[in-house]
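J.: Please read through the structure below; I'll follow up with questions.
Values in this text are rule-based calculations from the coordinates and carry no lab data. Owing to the predicted nature of the structure, the values given are computational and were not obtained by experimental measurement. Note: ideal-geometry Cβ built from the backbone for every residue, glycine included; neighbour counts use all protein chains shown.
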Amino acid sequence: MQAVDWNEVRDRTVALYARQGMGVDRRGGLPGALSETQVRQAEDQFGVTFPDDYRQYLLNVSAGGWVRTLRFDGARWDWVGARYEDHAKLHVPFPDHDSALAASDDVWESEPKREDHVSDAAYRADHDAWEEAADAAEAARTTGAVFLVDHGCAFSALLVVSGPMRGTMWFDGRATCDRLNPLLNDDRQAATFAEWYLDWLAHEESLTTPEQHHAAYRRWNAGVGTPIWLRWFDE
């Protein structure tokens, strides 16, 4: 991918927000960018270095916007709307998807049965321990990844910040299909943050009326010209 002029990206993003009636650093508008010191503080807290394109976005464009806002709440850094446990292990490498899914399936298939226990109390204790193990197995599937966009219905876009897939964007579709899928660029490779964001921005810039938005979503959902961010179930 060619070098990105992040100042130009900021200008385009600000213009898009202005067209939509939202400004910068206002409630509901585009948050301001972060300083180098602030980004380093967040990286130090999480024990990672953010992928360079996302880092440049934070420094030159915004702390948030279409993506969740990274902010300091007076005690710690985190992304607005995320749960603490979502990002407690960003320093742990994002796992191989198939291996992590298999490990999770093994736990789910081991759910205790009441008929195998001599009492309700023994069953409840065993089941409580199993639920903890199942939750841990699911959480292990997204270590090393930031829950960057909430798409609703428990769907999210993830940015991998640790491990071999560092810098790539993924879709969390576990709410319906139990899978995490890479968001593919036009070369059928996992998209980088820059590819993913610039593709979203270009599509949004081209849609200036509600009618255009509705028509575009109909095309995209039919598989025609689908933007990277919506390629949720591409294989």
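J.: When DSSP beta bridges are limited to those with both residues in the chain, what percentage is antiparallel, rounded to the nearest 5?
T.: 95 percent
J.: Another question, if that's okay. Ordered by packing density, taken as the mean number of other Cβ atoms within 10 Å over each peptide's residues, highest first, how do 137-150, 119-132, 93-106 rank?
T.: Top of the packing list down: 137-150, 93-106, 119-132.
J.: Net charge near residue 77: determine it from the other residues with C-beta under 10 Å of the C-beta of residue 77, scoring Lys and Arg +1 and Asp and Glu -1.
T.: That sum, taken over residues with Cβ under 10 Å, equals -2.
J.: Roughly how big is segment 95-141's charge dipole about its Cα centre, with Cβ charges of +1 (Lys, Arg) and -1 (Asp, Glu), in debye to the nearest 20?
T.: It works out to roughly 100 debye.
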